[in-house]
Amino acid sequence: MDYRLLLTILIAYTLDLIFGDPQWRWHPVRLIGNLIERLEKRLNVASLNRVFSGIVLFISVVGVTIFCVGGILGLAEAIHPIFYYILSIFFIYFSLSVKALAVEANKVQESLKSGNILKARSDLSMIVGRDTERLDEPEIIRATVETVAESTMDGIVAPLFYCFLGGPVLMWAYKAINTLDSMVGYRSERFIEFGKPAAKIDALVNFIPARITSLLISTASWCMGKDWLRSLKWGLKYFFKGLEYNSEMTEAAMAGALGVRLGGLNFYNSKPCQKSLIGDNINPLDIRHIKESVKIMYISSVALALSVGAILLWLKKERV
């Protein structure tokens, strides 16, 4: 097993738990986002085939990301191995969002506790893509729990999964793909063709992490004394379905653990989108479910995701 990579990941993970995601202009995700914005304006035009332009965008953004991260780490290793590991720690640290997810979810919870539903809607709008202006308390809770479940996958487990497989370079290739999907992978008139390549590949690279996350949520619910069998049952309902069910699977595992019903009607830019109803609706959605979903996220990511990562490293070493 590559214990140096495991130690590097553990240090980066600890930094994220302590300091959270740094909000500064040179954050790699922001740099990737700026690149996407600039290229999108040039490529997403009527005179070009939108799907082909989307492929060009995807190759350009992911290629530049791999080149930059790989180049910086290669140069650092040539200078000194210690410098390489220090930069690796920071690249991994910048890719994780454990504390940031908990902080944002807790903001929604505290606003609801204080009875300030307008602030709760505003806080929620910072972490979801759906319209929040007219949501009532149960719908705000539902959206927050769904986001925690999905972000456990694409903000924590998936980056770690690819880091264990291929180090910081592969981890940031994933982050570039995920950022592309979050910015252009919409079914709006502007992006439905242009963003299709990014959306399809994002679904593909999340296929395995989504299934790992579903099992992690079920295991974490067992650690918390929640209904882990119901969580497992609902997660397995989507386990062998296609790529488009990645997020539903993690939400289903969370819904089963909490005994709540998720899914339903959402609005994106005032346009309705009906999602499947998930969960058995044993417990009415309550503010406490936000806190419980965050606890499940922490247990899944801190204890179990790293254990799965260690197994991946061991299997990788065995093949060698």
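The values are calculated or read from the model by the stated rules, or taken from the named source; none is laboratory data. All values derive from a computational prediction rather than experimental measurement. Cβ placement follows ideal geometry from the backbone for every residue including glycine, while neighbour counts extend to all protein chains displayed. The accessibility values were calculated without ligands, DNA or RNA, using every heavy atom of the protein model including side chains. Shrake-Rupley method; radii C 1.70, N 1.55, O 1.52, S 1.80 Å.
Which of the chymotrypsin sites (Phe, Trp or Tyr not before Pro) across the stretch 154-257 are loop residues per DSSP, with 11 or fewer other Cβ within 10 Å? Please report the intermediate quantities before stating the final value.
Values: sites: 161, 162, 164, 172, 174, 186, 191, 194, 207, 222, 228, 234, 238, 239, 240, 245; in loops: 186, 191, 194, 240.
In loop regions of the stretch 154-257 (DSSP not H, G, I, E or B), the sparsely surrounded chymotrypsin sites (Phe, Trp or Tyr not before Pro) are 240.
If only Cα atoms are counted, what is the Rg of the chain, and what is its Dmax, in Å?
19.6, 59
Using θ = phi - 60° and the Karplus relation 6.51 cos²θ - 1.76 cosθ + 1.60, list the HN-Hα couplings for the stretch 72-77 in order, rounded to whole Hz, with x at every Gly or Pro.
In residue order, the calculated couplings are 5, 5, x, 5, 5, 5 Hz.
Skip the ligands, DNA and RNA, and give the accessible area per residue of the stretch 10-137 with a 1.4 Å probe, whole Å².
Dividing the accessible area of the stretch 10-137 by its residue count gives 57 Å².
Heads up, I need the accessible area for residue 137: 1.4 angstrom probe, whole protein in place, Å², nearest 10.
We get 80 Å² for residue 137.
My understanding is that a pair violates if its Cα-Cα distance is over 25 Å; which of 241/291; 107/271; 196/241 do that in this structure?
Going by Cα-Cα distance, 241/291; 107/271 fall outside the 25 Å limit.
Would you kindly compute the Cα radius of gyration of the stretch 37-111 and its largest Cα-Cα separation (Dmax), both in Å?
Answer for the stretch 37-111, Rg first and Dmax second: 18.7, 50 Å.
With every atom except the alpha carbons ignored, what do you get for Rg and Dmax of the stretch 138-249, in angstroms?
14.9, 46
Say the dipole of the stretch 110-160 comes from +1 at the beta carbon of Lys and Arg and -1 at that of Asp and Glu; which of 143, 125, 158 then lies farthest toward its positive end?
125
When the Kirkwood radius is taken over all Cα pairs of the stretch 133-173, what Stokes-Einstein diffusion coefficient follows at 10 °C and 1.306 mPa s, in µm²/s?
Once the numbers are plugged in, D ends up at 136 µm²/s.
Heads up, I need the accessible area for residue 177: 1.4 angstrom probe, whole protein in place, Å², nearest 10.
The accessible area comes out at roughly 20 Å².
Summarise the accessible area of the chain (1.4 Å probe, protein heavy atoms) by the percent that is carbon and sulfur.
Heavy-atom surface of the chain belonging to carbon and sulfur, 1.4 Å probe: 62 percent.
Quick check for you: with a 1.4 Å probe and neighbouring chains kept, what is the accessible area per residue of the stretch 168-285, in Å²? Walk me through the intermediate numbers first.
Details: 5490 Å² over 118 residues.
Heavy-atom accessible area per residue stands at 47 Å².
What is the pair-distance distribution P(r) of the stretch 72-214, computed from all Cα-Cα distances in 5 Å bins starting at 0, with each bin given as a whole percent?
Calculated P(r), rounded to whole percents: 2, 9, 16, 16, 16, 15, 12, 7, 4, 2, 1, 0.
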